[in-house]
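**Student:** Structure in structure tokens, see below.
The values are calculated or read from the model by the stated rules, or taken from the named source; none is laboratory data. Computed from a predicted structure; not experimentally measured. So basically every Cβ, Gly included, is an ideal-geometry build from the backbone, and we count neighbours across all protein chains shown. Side chains included, ligands, DNA and RNA excluded: accessible areas come from the protein's heavy atoms. Shrake-Rupley method; radii C 1.70, N 1.55, O 1.52, S 1.80 Å.
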Amino acid sequence: AQNCTYLRLYRRVPSRESMKIWQLQARPEAGSSILLASGEAPSAPLGPLDVAVRIQAVSLNYRDLLVARSARATALVPLSDGAGEVIEVGDAVTHLQRGDRVMANFFPHWRDGELSAYDHTTALGGGASDGMLREEVVLPAHAWVKVPRGWSFEEAAALPCAGLTAWQALFEVTTTGPGQTVLLLGTGGVSIFALQLALRAGAHVVITTQSPSKVERLQAFGAGVTVTETASTAGKFAEAVRVATGGRGVDTVVDVAGGATLNETLDALRFGGTAALVGVLSGFQGEIALGQILQKRLAIRGVYVGSVAMFERYVRALEAGDDRPMIDRVFTASASGSSTEDVAEAYAHLASGQHFGKVVLRLT
């Protein structure tokens, strides 16, 4: 009987034939457009602890631009965020079944606790692991998180990277609550998710933008103070934030920019405040004002998306409220055609910086 159980758990399930995939191609020269190719690939085999999902929608993040512009991206299936429907489960899987609607965690093997080197190297859509821009994805059952009740696939696909990053920044590495003040930079996916989460927690929000046309939308969302930057004042927001807070500074900054803005972030914080460093829009390098950190007793917390356990806590919080992702635009990629223009157009829209919220691709 033990031998029979062993064989049942470790047998391989036959392939589900083939699937449509999109892959990044090497750039012919620096600064050229992102190149993609589409084609067919064999469906991945299913192990006893695996789950196969038919992908219905994916979303783009700034990281995807960095990956696509990298020479290491050749033949990589891109994009870390996706949602779909379970089409097959391994023999040993008990908590998921066919028909379940699920999202893949950005770090599929970071289940709980601290991030490890192995977890880091297996992030989806990066140098070592293919991403979600394909018809089917097979991952271990522990990598999948159920979609919030009543949500569309497009809404769910927006969550894994940007939404979970905002959640960790505000509620895992620090505690955001009523009466606190949070500073957000820009109107990309992470910042808009953080805006929604902070407001629901009862916090006051100060947010920056370089687009005057977005000010009214931000205020309608509930942002208390909007700092409009110009070409000459881009990245210089600390003084305006201090004025807006009566000289005190903010409790938390969700900094998506990195090197070029970090000192402004430190300057905008109150004594004892926290900088949640979640992005590198301005690069990985920059001088740091150590005096600010020491004298004001500031904390800088690196935030890199989150674990499966964090994702599950985030979903429970979403189901307890009525917030939905702010989706800027939905593009459509057809699995039956060979054209890649629709996917390239979604990349170009993200790169333009004109989006307000998330850029999503629907797979048909």
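Every residue, every condition in (1) among the polar types (S, T, N, Q); (2) open to solvent by 10 Å² or more (accessible area, probe 1.4 Å); (3) at pLDDT 95 or above; (4) not in a loop (DSSP other than H, G, I, E, B), yes or no:
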{"site": "Ala75", "(1), (2), (3), (4)": "no, yes, no, no"}
{"site": "Glu85", "(1), (2), (3), (4)": "no, yes, yes, yes"}
{"site": "Val93", "(1), (2), (3), (4)": "no, yes, yes, no"}
{"site": "Gln97", "(1), (2), (3), (4)": "yes, yes, yes, no"}
{"site": "Met103", "(1), (2), (3), (4)": "no, no, yes, yes"}
{"site": "Phe107", "(1), (2), (3), (4)": "no, no, yes, no"}
{"site": "Asp112", "(1), (2), (3), (4)": "no, yes, yes, no"}
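**Student:** Please specify each residue of region 133-150 satisfying the condition of being touching a residue at least 60 places away in the same chain (Cβ under 8 Å) and out of contact with any helix residue (DSSP H, G or I) (no Cβ under 8 Å at 6 or more places or on another chain).
**Tutor:** Answer for region 133-150, where residues must be touching a residue at least 60 places away in the same chain (Cβ under 8 Å) and out of contact with any helix residue (DSSP H, G or I) (no Cβ under 8 Å at 6 or more places or on another chain): Arg134, Glu135, Glu136, Val137, Val138, Leu139, Pro140, Ala141, Trp144.
**Student:** Still on this structure, please answer the following. Open to solvent by less than 40 Å² (accessible area, probe 1.4 Å) and modelled with pLDDT of 95 or more: is that true of Ala238 in this structure?
**Tutor:** Spelling it out, it is not the case that Ala238 is open to solvent by less than 40 Å² (accessible area, probe 1.4 Å) and modelled with pLDDT of 95 or more.
**Student:** Given the condition of a type in the set (A, V, I, L, M, F, W, C) and either within 22 Å of Gly150 (Cβ to Cβ) or open to solvent by 20 Å² or more (accessible area, probe 1.4 Å) (or both), answer yes or no: does some residue in region 261-270 qualify?
**Tutor:** Checked region 261-270: no residue is of a type in the set (A, V, I, L, M, F, W, C) and either within 22 Å of Gly150 (Cβ to Cβ) or open to solvent by 20 Å² or more (accessible area, probe 1.4 Å) (or both).
**Student:** OK, next. For the list (1) at pLDDT below 95; (2) open to solvent by less than 10 Å² (accessible area, probe 1.4 Å); (3) assigned to a loop (DSSP other than H, G, I, E, B), I need the number of the one condition that Ile207 fails.
**Tutor:** For Ile207, the exception is condition (3).
**Student:** Related question: For the subset of region 329-343 comprising residues that are open to solvent by less than 50 Å² (accessible area, probe 1.4 Å) and under 19 Å from Gly189 (Cα atoms), which member is modelled with the highest pLDDT?
**Tutor:** Phe331
**Student:** Taking the criterion of being touching a Leu at 6+ places or on another chain (Cβ under 7 Å), modelled with pLDDT under 95 and aliphatic (A, V, I, L, M), would at least one residue in region 278-290 satisfy it? Spell out the reasoning first.
**Tutor:** From region 278-290, those touching a Leu at 6+ places or on another chain (Cβ under 7 Å) are 286, 288-289; that's our starting set.
From what is left, the residues that are modelled with pLDDT under 95 are 286, 288-289.
Next cut, aliphatic (A, V, I, L, M) only: 288-289.
Within region 278-290, one or more residues are touching a Leu at 6+ places or on another chain (Cβ under 7 Å), modelled with pLDDT under 95 and aliphatic (A, V, I, L, M).
**Student:** Considering region 175-192 alone, what residues qualify as being open to solvent by 10 Å² or more (accessible area, probe 1.4 Å) and not in a loop (DSSP other than H, G, I, E, B)?
**Tutor:** Answer for region 175-192, where residues must be open to solvent by 10 Å² or more (accessible area, probe 1.4 Å) and not in a loop (DSSP other than H, G, I, E, B): Thr181, Leu185, Gly189, Val190.
**Student:** Considering region 241-260 alone, what residues qualify as being acidic (Asp, Glu) and surrounded by fewer than 21 Cβ atoms within 10 Å (Cβ to Cβ)?
**Tutor:** None; the set is empty.
**Student:** Mind checking which residues of region 114-153 are open to solvent by less than 10 Å² (accessible area, probe 1.4 Å) and at positive phi?
**Tutor:** Gly125
**Student:** Here's a follow-up. Could you tell me whether region 162-173 includes any residue that is surrounded by fewer than 20 Cβ atoms within 10 Å (Cβ to Cβ) and at positive phi?
**Tutor:** No, region 162-173 has no match at all.
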